[in-house]
Structure formats: structure tokens, C-alpha cells
Amino acid sequence: MKLTAENTFAAAVVPGVEDKFYYVISADCVMCASCAEACPVHAITEGDGRYEIDPERCIDCGTCSYVCPLGVPQPV
């Protein structure tokens, strides 16, 4: 996916996990649930208009990005 002004996002600042890599889901999410079903640690939940990844639970395995048909989840 090519990054543009429309599909970029700001990394979340989460106290206690600043030094840890994790994935985030941009507004390009089409709510297919592939990522949530594949997450081995159940860090992905349905949010308002897109799925959300809990950075404290994410283990940075990349499964969500691999199974997403659009590759929306990206590491930060």
C-alpha cells in the first residue's frame, strides 16, 4: 500500500509501552475481521468503524497484517 495523506496515521503514545513495537490499524480498515480472528493473543477488538489493536497485548508477530486482504495493520 502506498502511503498518502489520506491513509497515514499517527502512532499512539501509550504509557509503559513506548519502547515496544506493535501494530496499529488505519482508517482503511474494511471491518472484515480477518485480523481479529487470526491474532494469537486476542489483542484485536472491534472498534468504531475499524478494528483496534491493544498495544499492551500485541506481541508484534505481524499475523494481522499478513491475513488482512489490504495489509492495513502496520507496525509502529
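Observations
- With 0.36 nm allotted per residue and the present C-alpha distance subtracted, the Glu37-Val67 stretch has 9.9 nm of extension available.
- Whole-Hz couplings from phi, Karplus 6.51/-1.76/1.60, listed for segment 36-53; x for Gly and Pro: 5, 5, 8, 4, x, 10, 6, 8, 10, 10, 6, x, 8, x, 6, 7, 10, 10
- Sites matching GluC sites (Glu not before Pro) across segment 17-76 that sit in DSSP coil, with at most 15 neighbouring C-beta atoms within 10 Å: Glu18, Glu56
Read-outs throughout are calculated quantities, based only on the coordinates presented, and are distinct from any laboratory measurement. Just so it is clear, the model here is predicted, and its values are computed rather than measured. With ideal geometry, Cβ positions are generated from the backbone for all residues, glycine too; neighbour counts draw on all protein chains shown.
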